[in-house]
Amino acid sequence: MCGIVGYVGDGNVYDILIKGLHRLEYRGYDSAGIALVTPEGKLNVYKAMGKVSNLEGFCKEKDLSGKAGIAHTRWATHGEPSDCNAHPHYSEDGNLAIVHNGTIENYKVLKDALAQHGCTFHSETDTEVLVQLIEYIKLKNNCELVDAVREALKQVVGAYAIAVIEKNNPDRIIAARKSSPLVIGIGDNEYFLASDATPFVEYTKECVYLKEEELAVIEKGEPLKILTLENQESKIDVTTLQMSISQLEKGGYPHFMLKEIFEQPNTLLDCIRGRVVAGGKHVVLNGVIDNIDKFLKAKRIVIVACGTSWHAALLGKYLIQGMCRIPVEVEYASEFRYSDPVLDEQDIVIAISQSGETADTLAAIQIARKMGAFVYGISNVVGSSIPRETDSGTYIHVGPEIGVASTKAFTGQVMVLTMLAISIAQVKETLSKEQIEELGKHILKIPKTVEKVLKLADKIERLSLIYTYARNFLYLGRGYSYPVALEGALKLKEISYIHAEGYPAAEMKHGPIALIDAEMPSVIIAPNDHLYEKIVSNVQQVKARGGSIIAIVTEGDTVIRNIADHVLEVPDMPECLTPIITSIPLQLLSYYIAINKGKDVDMPRNLAKSVTVE
Ligand code: M6R
């Protein structure tokens, strides 16, 4: 939610910041803005509603010189998307500019207090309150900017990642974070600052992830200085990025989403590499093996996540319960945090998050750790907050996911959960050696199998034309295919804005069946598993009410093929591995429907890739 970029150095500040904003646009695109300190000590602030390209258009005839600068792409929280609510915000005397990601919860109290001291406000944002507070403290105490920022942040309740620049100090940026990410790139006599490393990966691979409640003094020609809010110097841990620039480009695809769907044979290969060994005989997930005692003693596992990651979590429940015979509960992180949970040292909490920054999931982790549970993270973004705040965990290693609709991260998460369940089961001996080897062999074949499933793309594109103007969709599945139905419905909703409901197929008769008519297509996920006969009846029930059916079936299916209007055949797989295969045609179907409707699939309205607010 909201992306921040900063730069100080001899490079072209404007170009670096704009390019960086494009990379962070997945975090929000309600408005964008930039503040530049010119060599003459002027502070120029430019803003525009909507995407970064609008800001570029607006800046065309402007003075774009700069020694340092900060920029922001916004996902609105306080105040509607508008020019005046766009960041950067500046202080009353025009000396300071700030960009902010997060939410200042006590901004109203602070705003009232500042108003009493004569401050006036030009926006509805919490951020403007913060910059006015910094200015107020700076003038009142006649102190350095860094001290004013530190004092201001002590008064703030809430989450923030901020960058502040000052007219009179054109070579310096002050940055700080709490619950929202910030990373500093260290170049050659230059520094970068961003919400994640993507804006600067082409300039430097050396970076420092700012920790909770740390503040950085980033000054050209000076060593980086990191302080706590108590003014203690912190140790600087430099990390070397593994990311490459080609991972951040579309590579010839029209959209990141399509690229990411087609990347899945490779991303799944990366996800299982070195983890399924000896020709499939063993699964080695280090995070699990290193903590195997905890998993063996666990009286239950609670999985917390949001959105697509929650759908993966639900599959995790089926996988872990089925293979390891450990009871599993699955909770929306946003509900879990306020549900007065009962947890103790014998519980394991698994937190799943692609971005590793989802605020609700982070809050759930903090509660779980406070209550003594062992917390295991499954994330994609290396160095993000969730891996740093969990006791142990596993990266899915699917590379940067830029399309707002999650695709390759979902299959990566499900793959990791499958390997996690097998790792425990092999020690617990709840699966036999033969069963493990059988699954292991199939896992090794998954990248090739996914490649085959992707060949359905043309057929799905043609099929999508028939259903582009449907106003509602029902997605049905049973067992392992039920979370796939939920995920398929979410994909369609978020990028095509068509209402879609995912349902356990057998629950349909308890209500949703009333919706079915010739106008309401059903997508039914019906691979050849132990519930196949049952779902055949559900398919018949839909047909009997005149509904049209798109069915995802196993190659060679003869029964559903004769009832459904359209079938998409996927290769045979052991039941627990089918979700990785059956979810792919659904990703493609939603993609093509959204494209037919002319929607912006990579940046759907109102959404952001990483949800760092409550
Ligand atoms: O980064 P996370 O996995 O924690 O994100 C959770 C959800 O915000 C995310 O999955 C969201 O639902 C996606 N837009 C789904 O495509």
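Taken residue by residue, the range 407-416 has no member that is touching a strand residue (DSSP E or B) at 6+ places or on another chain (Cβ under 7 Å), surrounded by fewer than 24 Cβ atoms within 10 Å (Cβ to Cβ) and under 22 Å from Met243 (Cα atoms). Of the residues making up the range 182-219, those that are of a type in the set (D, E, K, R) and either under 15 Å from Val164 (Cβ atoms) or assigned to a strand (DSSP E or B) (or both) are Glu206, Glu214, Glu219. Pairing residues of the range 108-131 that are closer than 17 Å to Lys47 by Cα with residues that are exposed (fewer than 13 other Cβ atoms within 10 Å of the Cβ) and modelled with pLDDT under 90, at Cβ distances under 8 Å and at least 6 apart in sequence or on separate chains, gives Glu124/Glu80; Glu128/His122. Applying the criterion of being free of Cβ contacts under 8 Å to residues at least 24 places away in the same chain and more than 17 Å from Arg23 (Cα to Cα) to the residues of the range 596-614, the residue that is surrounded by the most Cβ atoms within 10 Å (Cβ to Cβ) is Asn606.
Within the bounds of the range 300-314, is there any residue that is over 28 Å from Lys408 (Cα atoms), open to solvent by 20 Å² or more (accessible area, probe 1.4 Å), part of a loop (DSSP other than H, G, I, E, B) and more than 13 Å from the ligand (Cβ to nearest atom)? Checked against the condition, which is being over 28 Å from Lys408 (Cα atoms), open to solvent by 20 Å² or more (accessible area, probe 1.4 Å), part of a loop (DSSP other than H, G, I, E, B) and more than 13 Å from the ligand (Cβ to nearest atom), the range 300-314 yields no hits at all. One residue alone among Gly322, Gly372, Gly399 is assigned to a helix (DSSP H, G or I), more than 13 Å from the ligand (Cβ to nearest atom), out of contact with any Pro (no Cβ under 9 Å at 6 or more places or on another chain) and open to solvent by 10 Å² or more (accessible area, probe 1.4 Å), and that residue is Gly322. Residues of the range 427-443 include at least one that is open to solvent by 10 Å² or more (accessible area, probe 1.4 Å), outside any loop (DSSP other than H, G, I, E, B), more than 29 Å from Leu607 (Cα to Cα) and without any contact (Cβ under 8 Å) to a residue 60 or more places away in the chain.
Being touching a Gly at 6+ places or on another chain (Cβ under 7 Å), on the phi < 0 side of the Ramachandran plot and in a helix (DSSP H, G or I) holds for only one residue in Ala485, Ala514, and it is Ala485.
Close Cβ contacts (under 8 Å, 6 or more residues apart or on different chains) running from residues in the range 485-511 that are touching a residue at least 40 places away in the same chain (Cβ under 8 Å) to residues that are open to solvent by 10 Å² or more (accessible area, probe 1.4 Å) and small (Gly, Ala, Ser) comprise Ala485/Gly502; Leu486/Gly502; Glu487/Gly502; Gly488/Gly502; Leu490/Gly307; Leu490/Gly502; Ile498/Ala470.
Filter the range 567-614 down to the residues that are within 14 Å of the ligand (Cβ to nearest atom) and not in a loop (DSSP other than H, G, I, E, B) and list them by number. Answer for the range 567-614, where residues must be within 14 Å of the ligand (Cβ to nearest atom) and not in a loop (DSSP other than H, G, I, E, B): Ser583, Leu586, Gln587, Ser590, Tyr591, Ala594. Contact map, the range 183-201: first residue without any contact (Cβ under 8 Å) to a residue 24 or more places away in the chain, second residue among the basic types (Lys, Arg) and surrounded by fewer than 24 Cβ atoms within 10 Å (Cβ to Cβ), Cβ cut-off under 9 Å, separation 6 or more or different chains; pairs are Gly185/Lys205. Every condition in (1) under 20 Å from Ser309 (Cβ atoms); (2) away from the ligand (no atom under 16 Å from the Cβ); (3) open to solvent by less than 10 Å² (accessible area, probe 1.4 Å) holds for Ala505 except the one numbered (1). Out of curiosity, is Tyr592 at positive phi and under 29 Å from the mean Cα position of the chain (by Cα)? Answer is no for this residue. Restricting attention to the range 512-535 and to residues that are open to solvent by less than 10 Å² (accessible area, probe 1.4 Å) and β-branched (Val, Ile, Thr), the residue that is nearest to Glu501 (Cα to Cα) turns out to be Val523.
Sub-6 Å Cβ pairs linking a first residue in the range 398-414 that is under 13 Å from Leu588 (Cα atoms) to a second residue that is open to solvent by 10 Å² or more (accessible area, probe 1.4 Å) and part of a helix (DSSP H, G or I), at least 6 apart or interchain, are Ala405/Glu494; Ser406/Thr308, ordered by first then second residue.
With respect to (1) among the polar types (S, T, N, Q); (2) within 26 Å of Glu487 (Cβ to Cβ); (3) not in a loop (DSSP other than H, G, I, E, B), the lone exception for Ser355 is condition (3). When the range 50-74 is filtered for residues that are open to solvent by less than 10 Å² (accessible area, probe 1.4 Å), within 16 Å of Val8 (Cβ to Cβ) and out of contact with any Gly (no Cβ under 6 Å at 6 or more places or on another chain), the ones remaining, listed by number, are Ala68, Gly69, Ala71.
Report yes if some residue within the range 462-476 is open to solvent by 10 Å² or more (accessible area, probe 1.4 Å), in contact with a helix residue (DSSP H, G or I) (Cβ under 6 Å, 6 or more places away or on another chain), touching a residue at least 24 places away in the same chain (Cβ under 8 Å) and away from the ligand (no atom under 16 Å from the Cβ); otherwise report no. Scanning the range 462-476 turns up no residue that is open to solvent by 10 Å² or more (accessible area, probe 1.4 Å), in contact with a helix residue (DSSP H, G or I) (Cβ under 6 Å, 6 or more places away or on another chain), touching a residue at least 24 places away in the same chain (Cβ under 8 Å) and away from the ligand (no atom under 16 Å from the Cβ). Check whether at least one residue in the range 384-394 is open to solvent by less than 10 Å² (accessible area, probe 1.4 Å), part of a loop (DSSP other than H, G, I, E, B), within 16 Å of Gly287 (Cβ to Cβ) and within 15 Å of the ligand (Cβ to nearest atom), and report yes or no. Yes, some residue in the range 384-394 is open to solvent by less than 10 Å² (accessible area, probe 1.4 Å), part of a loop (DSSP other than H, G, I, E, B), within 16 Å of Gly287 (Cβ to Cβ) and within 15 Å of the ligand (Cβ to nearest atom). When Asp347 is tested against the conditions (1) at pLDDT below 95; (2) open to solvent by less than 30 Å² (accessible area, probe 1.4 Å), the lone failure is (1). Counting the residues of the range 232-273 that are open to solvent by 40 Å² or more (accessible area, probe 1.4 Å), touching a His at 6+ places or on another chain (Cβ under 8 Å) and closer than 20 Å to Ser406 by Cα gives 1.
The values are calculated or read from the model by the stated rules, or taken from the named source; none is laboratory data. Bear in mind that the values here come from a model prediction, so they are computed numbers and not experimental data. For neighbour counting, all protein chains shown are included, and Cβ atoms are generated from backbone atoms with ideal geometry for every residue, glycine included. Note: areas computed on protein heavy atoms with side chains; ligands, DNA, RNA excluded. Shrake-Rupley method; radii C 1.70, N 1.55, O 1.52, S 1.80 Å.
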